[in-house]
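The values are calculated or read from the model by the stated rules, or taken from the named source; none is laboratory data. The shown structure was predicted, so the numbers you read here are calculated from the model rather than taken from an experiment. Neighbour counts run over all protein chains shown; Cβ positions are idealised from the backbone, glycine included.
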Ligand SMILES: [Fe+2]
Ligand SMILES: [Fe+2]
């Protein structure tokens, strides 16, 4: 089993220091195989926001955690339209070290394989995209993985219509081709953010949901100004047949376990089956209603 701490939308710039300190405490007391951060590290992509984010990431590494980071739509300049259009990732690349050098990072060792994809597309595409080149990268990289490696894909934007509070967000561009590729390469878990809403779904329950993955959204960890739900992040323990997702949420004083989702399956191509605490039925109903299939 592998432990992945899944954060997203930390939004340095509207962060609250006591929440940052509380996650640092949690990270000091918790072991992981990876801390996976699914974008929107900053609020306005300002230099000082990236410096604060970089400082937090350095502390995570100093506590012995391995990191993977991908950018989100808030990590490109929002006020400087020329910069946003001409070189949207320049500030991220300048401050994010190895994550700025490789916007589609890959890690494959010790029984798990994870590919991060940059789904941000400047001004033009609002809901994110996975390009044909990134789909080919997905095929190439997971082609290198061993059969029993846990296979994880991480991107900022949700690939499907997924809950954003009481609403549903829009899916990424190139959705059908990207989803089909996740099925072809046997992805087990898809981690995303952007909606500031923690939730867990099976692809089989989602419209246009090929494959047999679990789709896991992280909330936002550091800001009570984002009103959709209280701050949270995900503590995931998984192999290819067993997955426990604990949603670690802020209760006003501490980060505590708010919900737990537990799924099992008999083999790599079987659909995950919930054992307890799942909200999948409600979500599937919302998604189908939005597609006019209810
Ligand atoms: Fe965000
Ligand atoms: Fe976002």
Would you mind stating whether residue 206 is over 21 Å from residue 249 (Cβ atoms), touching a residue at least 60 places away in the same chain (Cβ under 8 Å) and away from ligand 1 (no atom under 16 Å from the Cβ)? yes
Taking the range 154-169 and the residues there that are crowded, with 21+ Cβ neighbours inside 10 Å and outside any loop (DSSP other than H, G, I, E, B), the one that is farthest from the chain's Cα centre (by Cα) would be 163
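Among the residues of the range 135-152, what is the count of those that are part of a helix (DSSP H, G or I), in contact (Cβ under 8 Å) with a residue 24 or more places away in the chain and farther than 22 Å from residue 6 by Cα?
Within the range 135-152, residues that are part of a helix (DSSP H, G or I), in contact (Cβ under 8 Å) with a residue 24 or more places away in the chain and farther than 22 Å from residue 6 by Cα number 4.
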Limited to the range 104-131, what total is found for residues that are over 14 Å from the mean Cα position of the chain (by Cα), buried (at least 20 other Cβ atoms within 10 Å of the Cβ) and under 21 Å from residue 57 (Cβ atoms)? 1
Go through the range 190-210 and count every residue that is surrounded by 21 or more Cβ atoms within 10 Å (Cβ to Cβ) and either in contact with a helix residue (DSSP H, G or I) (Cβ under 9 Å, 6 or more places away or on another chain) or part of a loop (DSSP other than H, G, I, E, B) (or both). 13
Count of the range 1-24 residues which are away from ligand 2 (no atom under 14 Å from the Cβ) and either without any contact (Cβ under 8 Å) to a residue 60 or more places away in the chain or within 19 Å of residue 106 (Cα to Cα) (or both): 9
Quick one: residue 245 ticks every box in (1) within 20 Å of residue 155 (Cα to Cα); (2) without any contact (Cβ under 8 Å) to a residue 24 or more places away in the chain except a single one, so which number is it? (2)
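Residues are listed down the side, and each one gets a yes or a no for (1) more than 21 Å from residue 159 (Cα to Cα); (2) at pLDDT below 90:
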site: 195; (1), (2): no, no
site: 211; (1), (2): no, yes
site: 214; (1), (2): no, no
site: 219; (1), (2): no, no
site: 223; (1), (2): yes, yes
site: 226; (1), (2): yes, yes
site: 231; (1), (2): yes, no
Evaluation of residue 170 against (1) in contact (Cβ under 8 Å) with a residue 40 or more places away in the chain; (2) in contact with a helix residue (DSSP H, G or I) (Cβ under 9 Å, 6 or more places away or on another chain); (3) within 15 Å of ligand 2 (Cβ to nearest atom) (one fails), failing number: (2)
Looking at (1) within 24 Å of residue 135 (Cβ to Cβ); (2) buried (at least 21 other Cβ atoms within 10 Å of the Cβ), which one does residue 101 not meet, given that it meets all the others? (2)
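Just a yes or no: is a residue in the range 235-244 at pLDDT 90 or above, within 24 Å of residue 119 (Cα to Cα) and touching a strand residue (DSSP E or B) at 6+ places or on another chain (Cβ under 6 Å)?
Yes.
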Taking the residues in the range 211-230 that are part of a loop (DSSP other than H, G, I, E, B) and crowded, with 24+ Cβ neighbours inside 10 Å as candidates, determine which candidate is nearest to ligand 2 (Cβ to nearest atom). 220
